[in-house]
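Below is one structure, written out as structure tokens; comments come after it.
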């Protein structure tokens with residue numbers, strides 16, 4: 001019939017009028033057909049939704065036609081074996097030679113203290129519905145229940161929820177739980193969050209929660225976002241160690257440094273000024289953490305060196321060794337024409353590079369240098385018009401220290417940029433990777449041109465630098481050891 005109507009329409013007039021009449025009928029048909037399809041789709045969706053809701057309400061909440069009762073933690077659930085078999089735990093129980101396979105009432109032993117009644121309620125309920133809304137405050141308990149019941153889908157959903165809700169308040173708990181329940185991706189995400197935010201999200205609660213092993217991982221990493229310089233890492237460790245040793249202290253974080261200095265000063269008086277705190281019975285547990293401080297970039301600044309000497313936390317052998325190392329590095333730069341690294345040595349950069357950073361609160365023009373003696377290389381960093389520029393200053397601008405007049409100097413560096421939201425989640429980032437840069441006197445070089453889409457303030461700039469040649473340093477130290485031998 002449609003063909004007949006189209007034929008009539010096509011011969012009803014001239015000049016294309018019959019054609020458009022047929023087209024109009026076809027469009028009308030298509031519109032009605034589209035409406036019909038949409039109605040069917042909506043009806044089907046509503047029916048599916050209502051069916052899922054009905055199953056959850058009738059079978060799970062009301063327990064109708066239950067063929068098995070699960071008892072745990074003083075509660076009972078009237079459930080169905082066919083639904084429970086979605087759980088690896090119950091599937092093995094019902095299909096194997098367990099005595100429970102023929103029982104109608106099963107008493108579950110719950111050895112994991114993280115599991116409570118509410119977590120079991122949600123875990124059992126997930127077997128009867130498509131979607132589970134996970135409250136971040138309950139995710140660890142639910143993860144524990146999901147792992148015990150071997151609910152892979154729910155475990156994965158818990159992991160995704162944890163990764164999306166990492167904050168200063170949750171990161172340590174999530175990290176520990178991820179280790180307990182084998183969620184390596186969550187553990188990795190927590191470690192990344194801490195590397196990015198340890199120096200900017202310090203708090204009494206966080207420092208009390210950070211374990212020695214976890215802090216050791218953070219301090220040893222070249223990916224730690226350091227603001228401003230290595231001395232700030234030392235100061236953070238001093239606060240952290242105090243809060244680990246005196247967990248009952250609950251003052252404001254602004255008061256922690258003053259309280260820590262007073263507490264360690266009292267310990268020095270008790271020891272009679274003999275020995276370093278880290279060599280005492282109280283402090284020895286923290287030795288592996290402080291051992292990863294890059295002391296060569298702390299003692300290169302006079303004010304910082306004096307504080308470290310006053311605190312007497314570090315073994316004197318550590319300090320004498322690094323003073324000796326830096327003295328010979330300075331002599332090589334001055335007398336042996338060491339112009340700096342000539343090739344990328346990733347192991348050296350990862351383990352021994354200077355770590356420093358800067359926060360740019362808003363867009364504008366900035367120029368700065370990081371404190372400390374850098375073997376005569378006065379490096380100025382400029383941010384302007386979306387460019388980051390390194391300049392080797394020799395004579396153009398005043399400098400408080402001595403400046404090398406060598407025609408060329410090289411540095412190995414990596415520059416990273418990042419923006420974070422209020423919870424510390426990274427919004428965007430960019431890196432140069434490790435590079436070698438050779439600069440002549442007063443030469444400047446653009447090291448990064450920023451895409452305007454990355455300009456989200458505050459903007460964090462973090463750098464790793466190596467000013468001296470690792471190969472020459474190793475050779476010189478070997479010669480020194482031979483002389484001493």
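The values are calculated or read from the model by the stated rules, or taken from the named source; none is laboratory data. The structure displayed is predicted, hence computed values, not measured ones. Note that we place each Cβ from the backbone using ideal geometry, even for glycine, and neighbour counts take in every protein chain shown.
I'd like the full set of residues that are closer than 15 Å to residue 465 by Cβ and surrounded by fewer than 17 Cβ atoms within 10 Å (Cβ to Cβ), limited to the range 405-444.
Kept after step one, since they are closer than 15 Å to residue 465 by Cβ, are these residues of the range 405-444: 409-416, 431-439.
Result: 431, 432, 433, 435, 436, 438.
Pull up the range 392-420, narrow it to residues that are touching a strand residue (DSSP E or B) at 6+ places or on another chain (Cβ under 6 Å) and over 20 Å from residue 353 (Cβ atoms), then point me to the one that is modelled with the lowest pLDDT.
Among them, the one singled out is 399.
Which ones in the range 310-337 are closer than 19 Å to residue 261 by Cα, within 33 Å of the chain's Cα centre (by Cα) and not in a loop (DSSP other than H, G, I, E, B)?
311
Taking the range 257-286 as the search range and keeping residues that are assigned to a helix (DSSP H, G or I) and touching a residue at least 24 places away in the same chain (Cβ under 8 Å), which one is nearest to residue 352 (Cα to Cα)? Break it down into steps so the answer makes sense when it comes.
Start the filter on the range 257-286 by keeping residues that are assigned to a helix (DSSP H, G or I), which leaves 257-271, 277-279, 284-286.
Next cut, touching a residue at least 24 places away in the same chain (Cβ under 8 Å) only: 261, 264, 268, 277-279, 285-286.
Values: 261: 28, 264: 28, 268: 30, 277: 25, 278: 22, 279: 24, 285: 23, 286: 20 Å.
For the range 257-286, the residue satisfying everything is 286.
Is there a residue being part of a strand (DSSP E or B), touching a residue at least 60 places away in the same chain (Cβ under 8 Å) and either surrounded by fewer than 13 Cβ atoms within 10 Å (Cβ to Cβ) or in contact with a helix residue (DSSP H, G or I) (Cβ under 7 Å, 6 or more places away or on another chain) (or both) anywhere in the range 385-403?
Within the range 385-403 (the criterion being part of a strand (DSSP E or B), touching a residue at least 60 places away in the same chain (Cβ under 8 Å) and either surrounded by fewer than 13 Cβ atoms within 10 Å (Cβ to Cβ) or in contact with a helix residue (DSSP H, G or I) (Cβ under 7 Å, 6 or more places away or on another chain) (or both)), the answer is yes, since at least one residue qualifies.
Restricting to the range 167-204, give me the number of residues that are under 21 Å from residue 243 (Cβ atoms) and outside any helix (DSSP H, G or I).
Total satisfying the criteria: 10.
When the residues of the range 296-310 are narrowed to those that are without any contact (Cβ under 8 Å) to a residue 60 or more places away in the chain and touching a helix residue (DSSP H, G or I) at 6+ places or on another chain (Cβ under 8 Å), which ends up surrounded by the most Cβ atoms within 10 Å (Cβ to Cβ)?
Top of the filtered list is 299.
Determine if the range 224-233 includes at least one residue that is crowded, with 17+ Cβ neighbours inside 10 Å, without any contact (Cβ under 8 Å) to a residue 40 or more places away in the chain and either within 13 Å of the chain's Cα centre (by Cα) or more than 16 Å from residue 359 (Cα to Cα) (or both). Write out each step before concluding.
Restricting attention to the range 224-233, the residues satisfying the condition of being crowded, with 17+ Cβ neighbours inside 10 Å are 224-227, 229-233.
Okay, now just the ones that are also without any contact (Cβ under 8 Å) to a residue 40 or more places away in the chain, so 232.
Pick out the ones that are also either within 13 Å of the chain's Cα centre (by Cα) or more than 16 Å from residue 359 (Cα to Cα) (or both) and you get none.
No, because not a single residue in the range 224-233 is crowded, with 17+ Cβ neighbours inside 10 Å, without any contact (Cβ under 8 Å) to a residue 40 or more places away in the chain and either within 13 Å of the chain's Cα centre (by Cα) or more than 16 Å from residue 359 (Cα to Cα) (or both).
Could you grab me the full set of residues in the range 71-102 that are in contact (Cβ under 8 Å) with a residue 24 or more places away in the chain and more than 20 Å from residue 152 (Cα to Cα)?
Result: 71, 72, 73, 74, 75, 77.
Would you confirm whether any residue within the range 113-126 is modelled with pLDDT under 95 and loosely packed, with under 12 Cβ neighbours inside 10 Å?
Residues of the range 113-126 that are modelled with pLDDT under 95, as a first pass: none.
No: zero hits.
When the range 326-363 is examined, which residues are found to be buried (at least 17 other Cβ atoms within 10 Å of the Cβ) and under 13 Å from residue 464 (Cβ atoms)?
341, 345, 348, 349, 352, 353, 354, 355, 356, 357
Confirm whether residue 154 is in a helix (DSSP H, G or I), under 21 Å from residue 57 (Cβ atoms) and in contact (Cβ under 8 Å) with a residue 60 or more places away in the chain. Walk me through it before giving the result.
On the way: in a helix (DSSP H, G or I): yes; under 21 Å from residue 57 (Cβ atoms): yes; in contact (Cβ under 8 Å) with a residue 60 or more places away in the chain: no.
No, not satisfied.
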